[in-house]
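Read through the structure below, which is laid out as structure tokens, and then see the notes.
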């Protein structure tokens, strides 16, 4: 079989089934497997009943039927556990080998002629039927996707019907000559061959998941409570259950009539032969009905007719049995009943389930198919016992027909109700788009169903039209999709209609060709692309001939369209011509050609030829950011197959608008990119901001290698990079607790940070003792920032080494607690930390008198108290350029001329990259040689960054922004001087520029002419520019004025690169920041109610779906201006967390996060806070998250439920990636929410 030529096999099977070359061998193997399995089962199936009738009598069979329902359930549970314990790939072959062994065991047991063996054999036969069918269809569902299933299930399942006829026919033919017991050996032989075929199939389909191909439970069950809830809430489910229940009752009545009629035929093998003949007739009838009748019934007569076939058959055959009282009547009845049940009725059930939402269908279908059927059979068995037993009504087998007649009338009524409910549910499901077209595995559709879908094609709603197309395609009704849809006003509809035609019949495609060719010039790119693909499919070799002339067309849309078709041509000349044509478009840098370049960026990922991918790289740097964004997204579609894009993607990590997309593409490479990221991370010559963005990227690739690289960078001299690395390790540790790290490296980092803290603490103390007024100086602010950041990094490292909640509680106690709480926290850390870590870190954190802390610091760094001059001199030589520049600024401000030599040395020997130090030293030396006025007059260069930073720190806007960030702002902006009377801003202007007044005074005039004076330092029009609003007032220079000017793009780039700057701005706003809006203060002690009453209930068994998270976030007031894309980006970082009654969702001092309550109820408690309740839809933690970063309250759970959490670090990373979202959030805060 493995050596058979797939092409030849496909041609051999072509008259029977539409199969592809790569599918042909497996399809034939699956057919053979189903044939052997059903042959084995149908050999013994008549014997299980004949031996039971012989040993127990037909009237007692209902007892066994009732007991089998309970016993088989237990046996199936045991089988499931056994299956899960076996190797996945070999589970099926092993269990089938065990089945064959069981068949041999029963052959031996029947030699004992004991009655219990017949009962056990009946149970075994029932279990075998369930297992063989389940195993085969589970394997088929694991191997084939829904589209393959529609083409191949009819063929591979044909072995079931053929095996049924073969097995039962063999039994009827030879049972009298070989005996019933010998047939068990024949059945075992067929069963032994099954695992061999299964092993070969699994070997061939090795790329499939073993779990998919091997497991028997394809659908998840539900609890009894959940099942009752589903039945109560859905009329459609109720009616399906009733229809199935009536079917089981009717079958039970007919089966009992057959059993009792067969008993009248004699003993021994006569009964077995009679039942085998029935089984053969049933299989033959089922085969004919399935192949020729079932499709026509659904297509031409509809689901209503199909639903009435079984009750009609029950009524007609019941009349025949009652009138004739002959054994052939129940035989015909069971043949017709079971053949219709396995064909028309089975397909009808699938159609009835179609309108149900996919999640509801997955839950309810196993319950209805299995549980309802078994319960109905159990009820039927008890009912029949009452009818036929001597202690009951004691009626004969042909008298049971009167009961069947009564059942028929009720069944008819319920079937008509089921049809009406189906049509109503189907129309509702179309409106709500609850059917998943890709999951539809049946090709047959009711006539009324198809009619409804055709009507939907005329809907004005594009979503409904596209949905109808997808369902018609899933039902193989492409011929009903009209070419008029190619002229639909919606591009989405036009593109989807074209895509549907790619699989249309050749004659249908020919009729569409003229309309398809017109779409080659469609204004929409996706429509043009779909037209090319459809033409290539329909015309095949003629498609290239059609497209070649378009490469030279003046319309770039046609050029790109033709390129898509010819790029993968086997003709080299076509590929070269395509490259030239696309290169011409890429090189056209005109603004008017941006749309064409964007089309190229979208087209290249659709081209399989790798030689054209390099054309995407120039588009990464396109002046039009929309073109560059499309190029980056295109790289994401093919990135994992090509490392060509890695260097430019890394370079784009600096671009504020493209950074997030570039990072997403890099993450898409997976673990294969980690080595490259590690190399860039460790390269000291690489752009510093590219390096600083890599830890956050590594955190999105959770692996041990990522963790190792992040730990290695903890010794880097760049403090901001160390901070980013620690934050990334925190994120990895919480999301993947299984990842490990070298604790000694982290302990060493904590010790180094402690020593850095002691050094700055000692120097700051020297400064303050020698100059009590130094607290107002820039140098003191810079040193205080260093101390705060160093301590924060120490806490973060300790949170990685020890339980983070305990470290957070200790941090809160040291910062906000009373004396007792601080003492307890110190005692906890004293017992927790060990060795050098405790010795050096604990004095940094614990509550000590300032002088004692300084004394310990000097001991650790082996220093002593020094005078101001010596202290400042040491700081001038500090490796941190901000600290060094601030020290030089102090020298200039305090006129420490004795340190001029150190300034000269700095100019001569400082690293050239520390430009802020150079200009600060030059400025300070100039002050020693001339007066301040003369220096300002003769200084032609912009003010040094240190002077600008010193002015900016007094601007209220930057109240919580560190000195490091102020230096970055200063280095980014341009300094502009305005003469008196110069108008800086005009009303209504959109300057796109931020101005920070450094020197001088301006007059601010409102629309009514009233004015106020603004003295330096101050921010001019910051809120209007950040919000993108026009200037409302007039700004005029009063005297000679100097301002720092930053373009909006430059300032947003700063925010994009630096979450610390963004945090500082939001902290200023949430703290009040000079705002008069009272609601900003009220927010501290209040929950934010939702903007609208949304549904926050869990609707998915595995938590909120992304779209459900979006709906929850949409109702949060702070996201009122967020776009749909922004909300989707936020939903990706939102985590659903449980609320446990009686516990705290969070406590004081823990890292702050924003929580939106989904279900349950919380009470906010705090020292200075009146208890407040928060219920479903309410949002809490906004101020702390956007402000200080630490929770100031605790949330005690009054009722259990769940909440949606946005962690602070992840939120600010997302805000800096999506600056429009940041601006909208800042605007909402400005409005006071």
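Name the residues in the stretch 953-969 that are part of a helix (DSSP H, G or I) and farther than 14 Å from residue 779 by Cα, would you? It would help to see each step written out before you state the result.
Restricting attention to the stretch 953-969, the residues satisfying the condition of being part of a helix (DSSP H, G or I) are 956-958, 963-969.
Matches in the stretch 953-969: 956, 957, 958, 965, 968, 969.
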Query raised in the report: Restricting attention to the stretch 35-51, does a residue exist that is modelled with pLDDT under 85 and either within 41 Å of the chain's Cα centre (by Cα) or assigned by TED's automatic domain parsing to the domain that holds residue 377 (or both)?
Result: no
Requested in this report: Take the residues in the stretch 610-657 that are outside any helix (DSSP H, G or I), at pLDDT 85 or above and in contact with a helix residue (DSSP H, G or I) (Cβ under 7 Å, 6 or more places away or on another chain), then tell me which one is surrounded by the fewest Cβ atoms within 10 Å (Cβ to Cβ).
Outcome: 621
Report summary line: Within the stretch 554-574, of all residues that are surrounded by 18 or more Cβ atoms within 10 Å (Cβ to Cβ) and over 15 Å from residue 599 (Cα atoms), the one modelled with the lowest pLDDT is 566
Query raised in the report: What are the pairs, 6+ residues apart or on separate chains, where a residue within the stretch 476-504 that is in contact (Cβ under 8 Å) with a residue 40 or more places away in the chain has its Cβ under 9 Å from a residue that is in a loop (DSSP other than H, G, I, E, B) and surrounded by 17 or more Cβ atoms within 10 Å (Cβ to Cβ)?
Result: 476/443; 476/444; 476/445
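Taking the stated definitions as given, is residue 29 modelled with pLDDT under 85 and crowded, with 17+ Cβ neighbours inside 10 Å?
No, not satisfied.
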Report summary line: With the first residue restricted to the stretch 108-130 and required to be over 30 Å from residue 34 (Cα atoms) and in the same structural domain as residue 43 (by TED's automatic domain parsing), and the second required to be in a helix (DSSP H, G or I) and modelled with pLDDT under 85, Cβ contacts under 8 Å at 6 or more apart or on different chains are 115/55; 115/56
Requested in this report: Name the helices (runs of 4 or more DSSP H) wholly inside the stretch 528-603 in which the number of residues that are over 21 Å from residue 623 (Cα atoms) is 2 or more.
Outcome: 542-547, 556-566, 572-587
Report summary line: With the first residue restricted to the stretch 1203-1222 and required to be in the same structural domain as residue 1049 (by TED's automatic domain parsing) and touching a residue at least 40 places away in the same chain (Cβ under 8 Å), and the second required to be in a loop (DSSP other than H, G, I, E, B) and surrounded by fewer than 22 Cβ atoms within 10 Å (Cβ to Cβ), Cβ contacts under 6 Å at 6 or more apart or on different chains are none
Report task. Examine the stretch 1102-1120 for a residue that is assigned to a helix (DSSP H, G or I), at pLDDT 65 or above, in the same structural domain as residue 966 (by TED's automatic domain parsing) and under 29 Å from residue 723 (Cα atoms), and state whether such a residue exists. Result -> no
Requested in this report: Considering each of 765, 716 in turn, give the residue that is crowded, with 19+ Cβ neighbours inside 10 Å and within 30 Å of residue 891 (Cα to Cα).
Outcome: 765
Query - Top-ranked residue of the stretch 1149-1172 - restricted to ones that are in contact with a helix residue (DSSP H, G or I) (Cβ under 8 Å, 6 or more places away or on another chain) and in contact (Cβ under 8 Å) with a residue 60 or more places away in the chain, ranked as surrounded by the fewest Cβ atoms within 10 Å (Cβ to Cβ) - result: 1170
Requested in this report: Return the only residue of 663, 691, 731 being assigned to a helix (DSSP H, G or I), in contact (Cβ under 8 Å) with a residue 24 or more places away in the chain and more than 25 Å from the chain's Cα centre (by Cα).
Outcome: 691
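Does the stretch 1130-1143 contain at least one residue that is in a loop (DSSP other than H, G, I, E, B), modelled with pLDDT under 85 and either farther than 14 Å from residue 1112 by Cβ or not assigned by TED's automatic domain parsing to the domain that holds residue 818 (or both)?
The initial filter retains those residues of the stretch 1130-1143 that are in a loop (DSSP other than H, G, I, E, B), namely 1134, 1140-1143.
Subsequent filtering for residues that are modelled with pLDDT under 85 retains none.
Among the residues of the stretch 1130-1143, not one is in a loop (DSSP other than H, G, I, E, B), modelled with pLDDT under 85 and either farther than 14 Å from residue 1112 by Cβ or not assigned by TED's automatic domain parsing to the domain that holds residue 818 (or both), which makes the answer no.
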Report summary line: Note on the stretch 832-860: residues surrounded by fewer than 17 Cβ atoms within 10 Å (Cβ to Cβ) and part of a loop (DSSP other than H, G, I, E, B) are 834, 847, 848, 849
Query raised in the report: Listed residues 808, 819, 813; which is surrounded by fewer than 19 Cβ atoms within 10 Å (Cβ to Cβ) and either farther than 20 Å from residue 859 by Cα or over 39 Å from the mean Cα position of the chain (by Cα) (or both)?
Result: 819
Report task. Might you check whether a residue that is modelled with pLDDT of 80 or more and in a helix (DSSP H, G or I) occurs anywhere in the stretch 73-88? Result -> no
Report task. Test each condition in (1) at pLDDT 65 or above; (2) outside the structural domain of residue 966 (by TED's automatic domain parsing) for residue 1072 and report the one that comes out false. Result -> (1)
Requested in this report: For residues that are in contact with a helix residue (DSSP H, G or I) (Cβ under 6 Å, 6 or more places away or on another chain) and modelled with pLDDT under 85, scanning just the stretch 660-709, find the one that is nearest to residue 731 (Cα to Cα).
Outcome: 660
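The values are calculated or read from the model by the stated rules, or taken from the named source; none is laboratory data. Predicted, not measured: the structure shown is a model, and the values here were computed from it. For neighbour counting, all protein chains shown are included, and Cβ atoms are generated from backbone atoms with ideal geometry for every residue, glycine included.
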